[in-house]
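The values are calculated or read from the model by the stated rules, or taken from the named source; none is laboratory data. What you see is a predicted model, and the numbers here were worked out from it, not measured in a lab. Glycine gets a Cβ as well: all are built from the backbone with ideal geometry, and neighbour counts include every protein chain shown.
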Amino acid sequence: MDIRKETIFQDTAKLTIGDLSVELPVITGSEGEKAIDISSLRNQTGFITMDPGLGNTGICTSRITFMDGEKGILRYRGIPVEELAEHSTFVETAYLLINGMLPTRKQLNSFSVQLNDQSLVHEDMKGFYQNFPPRSHPMGILSSMVNTLESFYPILKKSETREEEINITLTRIISKVRTMAAMSYKISRGHKVVYPRPDLCYCGNFFNMMFDSPVRPYQVDENAIKALNVFWILHADHEQNCSTSAVRLVASGRVNIYAAISAGIAALWGPLHGGANQAVIEMLEAIQADGGNIRPFVERAKDKNDPFRLMGFGHRVYKTYDPRAKIIKKTADMLFEKMQVSDPLLDIALELEEVALKDNYFIDHNLYPNVDFYSGIVLRTLGIPTNMFTVMFALGRMPGWIAQWKEDADNPKWRLYRPRQIYTGNKTNHYVPIGERA
Ligand code: SDX
């Protein structure tokens, strides 16, 4: 959307550089956030801004998700994530994020039918799975497989039914990634692929495709389905995080949406981002293997000379407890109670949190548990293998990536993302023939 129509221009910021003075518009969002619109800065002053890590830089206005990092607020289309986790389902929340409002019963039923209709994967795609080396990480497989969707389901250019084409494509992605993830798991174990069933809900189908087998038929477990809905609702969107910005940036070149989503999956994979949920469990297992003494790990995390960090702690935006971590923790407690199970890693995580939250280093650095700190505990209890934890994050984030892609794609002023730099390398240099080089 046009930035100028989208926000209220209240006043201007005055920038003085030497004897040059310029006025730049200040924009205010619907929750009172303020930004200085510098889109004319270089033309007016010859200067650009510098913001490594983009921590102070807005790349867009958006109506989708609101976060307040100081107060620990997260809302999708204005609805607090706590309410959605308690009352909604992942499919309903996906509809909300993509379409901007909660669906009527009729709209929700139609969306569910579309998801069901799109749940099969082209049989020829199975061949790709067989050719990945046995130890391939499921995130690399998922990113590659999503990219192949363009070959099997190309979006017709400029067709008079483009709007409908796009909607089918968005539904196709949300439905097929769930099937592709389960296929990847089954094939990695040398087991027959399980097909989606029309009588199961989105989450129930995922569990069935993952765990159904002739020797142990899948039994619907409503507690596990509730927990998975909550897990995916909490991961569904998070404004301009690393992977969502990657989707927007890659899509801005007008590549097909499958390639942009594939880039988002790749960006999410890293341990500083979505890969942290796997890294947290590996850290807790290392503490357990080391006799359960958390103190050395806390001290290493504080040591400037040690690259080790407390995985699942800290956040670029939240400078207080991640609201999602609170809900995930409660979900873990619910699962343990209903399933009558326990997990020694949860005890280690709770002790780690208690010690860290009292330690001045973590207090001074505003380091609190984030969504990844407890999510692995829930996924373990649901029987998901550790190397698939980030795939589970990616499946949850699909509606968010799609909604954010759509917001850019629907903007008539959508521009190519092309940041600038300040060059600090050699000044003019010349080619020297190899015989004359030192
Ligand atoms: C996700 O952006 C999103 O919204 C992401 C996400 C989403 O839903 O999309 O919420 C999902 O990615 C959550 C974050 C998962 N990552 C981890 O849990 C990895 C561990 N955490 C960090 O590496 C770190 O906290 C980041 C990457 C999450 C945020 O880092 P920043 O904002 O770049 O901050 P920084 O690295 O500059 O750290 C600031 C200070 C440093 O100390 P000083 O040099 O200033 O003294 O805090 C320290 C850091 O050393 N610090 C940590 C720490 N995180 C930051 N010290 C120990 N352990 C940590 N985990």
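The table that follows gives values for the structure above.
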item	result
Identity of the residue in the range 292-318, free of Cβ contacts under 8 Å to residues at least 12 places away in the same chain and not in a loop (DSSP other than H, G, I, E, B), that ends up nearest to the ligand (Cβ to nearest atom)	R300
Count of the range 120-166 residues which are modelled with pLDDT of 95 or more, small (G, A, S) and surrounded by fewer than 16 Cβ atoms within 10 Å (Cβ to Cβ)	3
Any pair with Cβ under 7 angstrom, 6 or more apart, that starts in the range 350-374 at a residue that is closer than 19 Å to R324 by Cα and ends at one that is more than 10 Å from the ligand (Cβ to nearest atom) and part of a helix (DSSP H, G or I)	P369/E353; V371/I328; F373/A349; Y374/I328; Y374/K329; Y374/A332; Y374/A349
Among the residues listed as V22, V121, V113, the single one being in a helix (DSSP H, G or I), among the aliphatic types (A, V, I, L, M) and over 27 Å from I327 (Cα atoms)	V113
Counted residues, the range 387-438 - those being buried (at least 24 other Cβ atoms within 10 Å of the Cβ) and among the charged types (D, E, K, R)	1
Qualifying residue in the range 215-227 (condition: of a type outside the set (D, E, K, R) and surrounded by 22 or more Cβ atoms within 10 Å (Cβ to Cβ))	yes
Tally of residues being within 30 Å of M283 (Cα to Cα) and within 16 Å of the chain's Cα centre (by Cα) across the range 380-438	14
Hey, Q219 under 21 Å from the mean Cα position of the chain (by Cα) and polar (S, T, N, Q) or not	no
Tally, over the range 42-57, of residues that are more than 18 Å from the chain's Cα centre (by Cα) and either within 14 Å of the ligand (Cβ to nearest atom) or aromatic (F, W, Y) (or both)	5
Options L367, L352: the member that is outside any loop (DSSP other than H, G, I, E, B), within 16 Å of the ligand (Cβ to nearest atom) and either in contact with a strand residue (DSSP E or B) (Cβ under 9 Å, 6 or more places away or on another chain) or at pLDDT 95 or above (or both)	L352
Evaluation of H273 against (1) touching a residue at least 60 places away in the same chain (Cβ under 8 Å); (2) within 16 Å of the ligand (Cβ to nearest atom); (3) under 25 Å from I98 (Cβ atoms); (4) assigned to a loop (DSSP other than H, G, I, E, B) (one fails), failing number	(1)
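Here is a yes/no grid of residues against (1) within 30 Å of T49 (Cα to Cα); (2) within 16 Å of the ligand (Cβ to nearest atom); (3) of a type in the set (V, I, T); (4) not in a loop (DSSP other than H, G, I, E, B):
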position: K338; (1), (2), (3), (4): no, no, no, yes
position: M388; (1), (2), (3), (4): no, no, no, yes
position: I402; (1), (2), (3), (4): yes, yes, yes, yes
position: A438; (1), (2), (3), (4): no, no, no, no
